[in-house]
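Let me begin by presenting the structure, written as structure tokens, before commenting on it.
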Protein chains: 4
Amino acid sequence: MTPEAWDYLQGGAEDEITLAENVAAFRRRRFVPRVLVDVASANTAATLLGTRVGLPIGVAPVAAQGLADPDGEVATARAAAESGALFCLSTVSSRSIEEVASAVPDAPRWFQLYVNEDRRFTRRLVERAEAGGFRAIVLTVDLPVLGYREREKRRGWELDVRLGNFEGEAGRAAREEGEEEGAVDLDRLLDMRSVAMTWDIVGALRGWTSLPLVVKGILSGDDARLAVERGIDAVWVSNHGGRQLDRSIASLDALGTVAAAVDGRAEVYVDGGLRRGSDALVARALGARAAFTGRPFVAALGAGGEAGVRRAFAILREELERAMALLGTPTLDHVRPEHLAPG
Amino acid sequence: MTPEAWDYLQGGAEDEITLAENVAAFRRRRFVPRVLVDVASANTAATLLGTRVGLPIGVAPVAAQGLADPDGEVATARAAAESGALFCLSTVSSRSIEEVASAVPDAPRWFQLYVNEDRRFTRRLVERAEAGGFRAIVLTVDLPVLGYREREKRRGWELDVRLGNFEGEAGRAAREEGEEEGAVDLDRLLDMRSVAMTWDIVGALRGWTSLPLVVKGILSGDDARLAVERGIDAVWVSNHGGRQLDRSIASLDALGTVAAAVDGRAEVYVDGGLRRGSDALVARALGARAAFTGRPFVAALGAGGEAGVRRAFAILREELERAMALLGTPTLDHVRPEHLAPG
Amino acid sequence: MTPEAWDYLQGGAEDEITLAENVAAFRRRRFVPRVLVDVASANTAATLLGTRVGLPIGVAPVAAQGLADPDGEVATARAAAESGALFCLSTVSSRSIEEVASAVPDAPRWFQLYVNEDRRFTRRLVERAEAGGFRAIVLTVDLPVLGYREREKRRGWELDVRLGNFEGEAGRAAREEGEEEGAVDLDRLLDMRSVAMTWDIVGALRGWTSLPLVVKGILSGDDARLAVERGIDAVWVSNHGGRQLDRSIASLDALGTVAAAVDGRAEVYVDGGLRRGSDALVARALGARAAFTGRPFVAALGAGGEAGVRRAFAILREELERAMALLGTPTLDHVRPEHLAPG
Amino acid sequence: MTPEAWDYLQGGAEDEITLAENVAAFRRRRFVPRVLVDVASANTAATLLGTRVGLPIGVAPVAAQGLADPDGEVATARAAAESGALFCLSTVSSRSIEEVASAVPDAPRWFQLYVNEDRRFTRRLVERAEAGGFRAIVLTVDLPVLGYREREKRRGWELDVRLGNFEGEAGRAAREEGEEEGAVDLDRLLDMRSVAMTWDIVGALRGWTSLPLVVKGILSGDDARLAVERGIDAVWVSNHGGRQLDRSIASLDALGTVAAAVDGRAEVYVDGGLRRGSDALVARALGARAAFTGRPFVAALGAGGEAGVRRAFAILREELERAMALLGTPTLDHVRPEHLAPG
């Protein structure tokens, strides 16, 4: 992986305070294990929007994974499938919806959606995802504009990879007049200020697809309530991995408030800062049915390709299994708020 | 900039605890962004004492900017004017009231006032400011005596720059018998202990000028209430950039108490520790209509002159604009206490 | 001591957060000494399950002390006996129950029990301990599976010492078909997942022995209550020295809750993080009748054999005696919660 | 000053946690200055047990100041006298009661008393102090036994200076059979365990002298109440500069509780951690009429003799004067709890 790619994939906004806080928020929590619980039949399975997965740790949508490995998202998705984990594909992936769908046709996959200026193109993305067997649409709502990422500003670096979903016939609509195929300006593409996207987008999405809808990027209880009132199927607590508004609250620190606001009316997930298998238990105790993470998988992808990601999953699973036994929680449903020390 | 000048402009009192705390207080706060808000028409404008400015970040009064650049305050004021920002001129500026007034005749400017032992000279300063088109008098109240600044004591350094407002005919009154023109002893000049200045000064000022009055250097709710009762137009929360009483509470940490005491009866500002455009949103959420900062602009002035200050403003504006979009607050009036995490 | 042995004996699980927190939890506490108390007749004696010991600091069960010194547990037990302190022998000790019993026949000793897959072997251990004059059975309940210890994973190191209790006729039952004498696979031995051990084990133990029962590895008040309801004689607060579930609450931080739950119905001890004689007073003020520690003694054992452990005890006793005089507590019964600052 | 002397004079007990905390406790506090207060006539004077002193910072009793300078306590006392400050002489001073008395006959001085095994010798000390014009007896109550000072243990160092009060006729009673004059074993001398000193000592002291009595070494509110009930004139909050029980609460952190318990029925002082003139204001706001410090003066004594101590006082006074002006408190009586931020 080039230093530029590393900076893009691993860096965050401004002073990277939120990036660091996401990890620190997990590390601050303390377990209160229960003992003499029968953990002989412990298992790590979870059900997410009706889909059974082998463990409650999924691959968060990370853009342009071709920066880490030539196979990009295809490699990551394969490793996730072999590990029994959920994979979430980014709109701005290196490999297209169709490539990933044909690589892991039967694996549980979700599609992360950026709403583009061009509504027709956005709708086409949703339809392609549904056609490709993706099982939910994960609408990202915390990117009205790209965050202020200084690593890139300092390097003067520009993303120079193909973005699979913007190529060929299907991608034509997203390109500016005269732009080369694949040479999409990410900054323009992702600057949503002109779109004036509001909660009305939920209604539009419901008209385009029958897939479950997940709203990703919620940090406040009030927004969680709005999402539930709009009939969203799941709320995904996230600060975009510290890449958007620096000094946003750590996603784990926002989780409790959001889960309380949702109050069981939708599923709740979290991403940002998960580095150990046991972190999934922390997230669960605070109200998240599953936790997602991106950077560890992308680092593993860069270091060892598909096998690297499989290895990352194996470590996380091993850590999680041991932690469940040690916490006295043979299944995820056994994990309660009381398994964390207060404060 | 010489090391001595750097120490003077960037240093603080004693152990520089408050200097560091001012910055840390901003960095400790956490945003709780709202999503799916229409931020297409976001703008950063603010109205301060009736004057419309392009952004809620102003240039705090910093003494002797000639230490950083030959053009001193004229350069800074020009850059502020071009950036649509408010400029506040110090009594002990390198360039005089009249020089700044003629450099940026139409730009929003305020004049910071030190009350001198010689009341006639003080009154003349106010009259010169009003005549020069400055739109408010900012009375500094936290300098009954200079703070204990060890950097200077260790170097044995003495300020050796012209102080424009003390030169020529107008400045004669401020000089001791036999003192050379411009060779003012700042320590004597600013030692207010003999003045026994009290809240009565407000009445005197009202008699000298019809300009709005701002009291700068308030950290307690009780003093804020006194200021409001005296009819002050705005309260400026400040610990003088950590240059006066070390271990004074960080200005941002005092802001909430002061704003609650003012209770809407006057405008409230804050300075001390602002380093990012998003800091203006932190300040706003805690009750400040605008935030001021000095050191970043003076550092920029030393590094790049007027263009350097313009660049500093451009960065702050860009950061602020992105942060407003990401926080879900298209205007400053949208920013609420709830946009910060409690505690 | 080899680096591998050091890592095994001094290391902890995963990021060693709990390992560090155990120590930090003691160091965070602050004493509030009382003065002008008659401390002339101060003494450090304590009574633990009816046995009088000279000081309230015992040797926690540490596996495989042959890694630190050829005499292993025999040396440690001798030093403890000479120091008037309680010694707790591990099931997975280098030297057998019988060797330790014959080395210090009259000294107060407890036996730490791991429940093995083979119930007959487990029962034999208990019977051997009782026959050998051990005065209590300390049932470890926080090891349903070994913790995730990265130091060992990185080194690829395997424990290569004899485990005395698994040798000879008595140890045969614990060995797999074809395993050499003494070459026990600790990972298999200690993986209790298949055992499905629950609170029912207490009833089984009561049927095997009339010795007092201590449950070691309690961190939650609810488990402490369950232990008391099952008639356990003492609750030992422990996170296994940070070797099991990383990020478990520091044992000292769990002590208050556990002691409140026990409410005088059983004795309470604590281990994890004790490094100074005065730590025993911290533990006492929070509700522990005695504190145990392992790493300091094992380090002393490696550095100076039996004499090293005696020296460690001498230092701890000297520190404790001075601290008791300085705290104004001539006996341990004088130590009250009020001797610690709140919070 | 030799490294050994430095370690003795500047070091603390065990891990020196309390030593560091004493300083940190001052540095954590934050001022809330008041403005536009008339501070023209500010002054730093205080009245301590009826004696007017020029500033509320006194010299705490430090043993064996001959380690820092040949003139020892005579030099320190002279500098204090010239600075208008209170000097407190230690029982275990290098220079005797009589030497100090004749050096500064008219200066305000107090005598710190260790109660010796030999009651007649102790009584003689009190009588000598009264005869020498010392104006109060400061009874140290936090040294039932010397603290555990590892710097000295590591060096194997023994105090090797004359102790003036134990020489000649007057000192004979304190020496063991066969001990040389001046060669007193400090460890034996100060080990009070055999003395079994209790609150009854107060009654004995009242019988020996009509001087005011100060009890030094109080950290708990309960002990403060006992002192008041015994008719003590002043309570001196202290942890002996972190030299006795390590992890004792920082004296400043104990001050509020003690002052509340005293409730105006006696004067309250504090020592431990004062390093800046403004620290006296922190102490005052929390209820102490005066603050004492030792290490800064002894360091100054070692660096510059009597002139060094005078310089230390000059700096402290300058810092204090500026801080009082900046805090808006023209006299010490103006300092209120509200001048510190809560928490």
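Can you confirm whether the stretch D:272-286 contains a residue that is open to solvent by 20 Å² or more (accessible area, probe 1.4 Å), under 26 Å from B:Ala13 (Cβ atoms), away from chain C (no Cβ under 14 Å) and assigned to a helix (DSSP H, G or I)? Yes, there is a match, as at least one residue in the stretch D:272-286 is open to solvent by 20 Å² or more (accessible area, probe 1.4 Å), under 26 Å from B:Ala13 (Cβ atoms), away from chain C (no Cβ under 14 Å) and assigned to a helix (DSSP H, G or I). Looking across C:Asp253, C:Asp263, one residue alone is among the acidic types (Asp, Glu), touching a helix residue (DSSP H, G or I) at 6+ places or on another chain (Cβ under 9 Å), open to solvent by 10 Å² or more (accessible area, probe 1.4 Å) and closer than 18 Å to C:Asp142 by Cα. It is C:Asp253. Taking each residue of the stretch B:1-24 that is under 14 Å from B:Arg295 (Cα atoms) and looking for partners that are assigned to a loop (DSSP other than H, G, I, E, B) and aliphatic (A, V, I, L, M) with beta-carbon atoms closer than 6 Å, six or more apart or interchain, yields B:Met1/B:Ala68; B:Asn22/B:Ala250.
The residue pairs whose first member lies in the stretch A:100-121 and is among the aromatic types (Phe, Trp, Tyr), whose second member is in a strand (DSSP E or B), and whose beta carbons are closer than 6 Å, counting only pairs six or more residues apart or on different chains, are A:Trp110/A:Cys88; A:Trp110/A:Val138; A:Phe111/A:Leu89; A:Phe111/A:Ile137; A:Tyr114/A:Thr140. A:Thr44 satisfies every condition listed in (1) touching an Asp or Glu at 6+ places or on another chain (Cβ under 7 Å); (2) under 14 Å from A:Leu301 (Cβ atoms) except (2). Tell me whether the stretch C:128-144 contains one or more residues that are open to solvent by 20 Å² or more (accessible area, probe 1.4 Å), under 26 Å from C:Thr2 (Cβ atoms) and under 18 Å from the mean Cα position of the chain (by Cα). No, every residue in the stretch C:128-144 fails to be open to solvent by 20 Å² or more (accessible area, probe 1.4 Å), under 26 Å from C:Thr2 (Cβ atoms) and under 18 Å from the mean Cα position of the chain (by Cα). The single residue among D:Leu252, D:Leu320, D:Leu326 that is within 14 Å of chain C (Cβ to nearest Cβ) and either under 15 Å from the mean Cα position of the chain (by Cα) or in a helix (DSSP H, G or I) (or both) turns out to be D:Leu252. If only residues of the stretch C:225-239 that are at the interface with chain A (Cβ under 10 Å from one of its Cβ atoms) and either surrounded by fewer than 24 Cβ atoms within 10 Å (Cβ to Cβ) or touching a helix residue (DSSP H, G or I) at 6+ places or on another chain (Cβ under 7 Å) (or both) are counted, the one that is farthest from C:Leu286 (Cα to Cα) is C:Arg230. Of all the criteria given as (1) hydroxyl-bearing (Ser, Thr, Tyr); (2) within 14 Å of another protein chain (Cβ to nearest Cβ); (3) open to solvent by less than 10 Å² (accessible area, probe 1.4 Å), the one not satisfied by D:Thr122 is (2). Restricting A:Val35, A:Val39, A:Val23 to residues that are of a type in the set (Val, Ile, Thr) and either under 22 Å from A:Gly217 (Cα atoms) or not in a loop (DSSP other than H, G, I, E, B) (or both) narrows the list to A:Val23. Going through (1) part of a helix (DSSP H, G or I); (2) away from chain B (no Cβ under 12 Å); (3) over 19 Å from the mean Cα position of the chain (by Cα) one by one, A:Thr257 falls short only on (2). Selection of the stretch A:209-223 for residues being at the interface with chain B (Cβ under 10 Å from one of its Cβ atoms) and either among the small types (Gly, Ala, Ser) or not in a loop (DSSP other than H, G, I, E, B) (or both) yields A:Val215, A:Lys216, A:Gly217, A:Ile218, A:Ser220, A:Gly221, A:Asp222, A:Asp223.
For A:Pro33, the conditions (1) open to solvent by 20 Å² or more (accessible area, probe 1.4 Å); (2) within 14 Å of chain C (Cβ to nearest Cβ) all hold with the exception of (1).
Filter the stretch D:316-333 down to residues that are surrounded by fewer than 24 Cβ atoms within 10 Å (Cβ to Cβ), in contact (Cβ under 8 Å) with a residue 40 or more places away in the chain and over 22 Å from D:Ala300 (Cα atoms), then give me how many there are. Final tally of qualifying residues: 4.
Of all residues in the stretch C:1-16, those satisfying the criterion of being within 14 Å of another protein chain (Cβ to nearest Cβ) and either surrounded by fewer than 21 Cβ atoms within 10 Å (Cβ to Cβ) or under 30 Å from D:Asp223 (Cβ atoms) (or both) are C:Asp15, C:Glu16. You will find that of B:Val100, B:Val59, B:Val53, B:Val115, the residue that is open to solvent by less than 10 Å² (accessible area, probe 1.4 Å) and modelled with pLDDT under 95 is B:Val115 and no other. Among the residues of the stretch B:297-315, is there at least one that is within 17 Å of A:Gln244 (Cα to Cα) and surrounded by 24 or more Cβ atoms within 10 Å (Cβ to Cβ)? The answer is no, given that none of the residues of the stretch B:297-315 is within 17 Å of A:Gln244 (Cα to Cα) and surrounded by 24 or more Cβ atoms within 10 Å (Cβ to Cβ).
Residues in the stretch D:90-100 include at least one that is away from chain B (no Cβ under 14 Å), β-branched (Val, Ile, Thr) and assigned to a helix (DSSP H, G or I). Taken over the stretch D:287-299, the criterion of being free of Cβ contacts under 8 Å to residues at least 60 places away in the same chain and part of a helix (DSSP H, G or I) is satisfied by D:Pro296 alone. Return yes when C:Ala60 is within 14 Å of chain D (Cβ to nearest Cβ) and of a type outside the set (Val, Ile, Thr) and no when it is not. Taking the combined requirement at face value, the residue does not satisfy it. Of all residues in the stretch B:80-97, those that are touching a Ser or Thr at 6+ places or on another chain (Cβ under 7 Å) and open to solvent by 30 Å² or more (accessible area, probe 1.4 Å) total 0. Does the stretch D:64-78 include one or more residues that are at pLDDT below 95 and open to solvent by less than 20 Å² (accessible area, probe 1.4 Å)? Within the stretch D:64-78 (the criterion being at pLDDT below 95 and open to solvent by less than 20 Å² (accessible area, probe 1.4 Å)), the answer is yes, since at least one residue qualifies.
The values are calculated or read from the model by the stated rules, or taken from the named source; none is laboratory data. None of these values were measured; they are calculated from a predicted model. In this analysis, Cβ positions are derived from the backbone assuming ideal geometry, glycine residues included, and neighbour counts consider all displayed protein chains. For the accessible areas, the whole protein counts, side chains as well, though only heavy atoms, and no ligand, DNA or RNA atoms are used. Shrake-Rupley method; radii C 1.70, N 1.55, O 1.52, S 1.80 Å.
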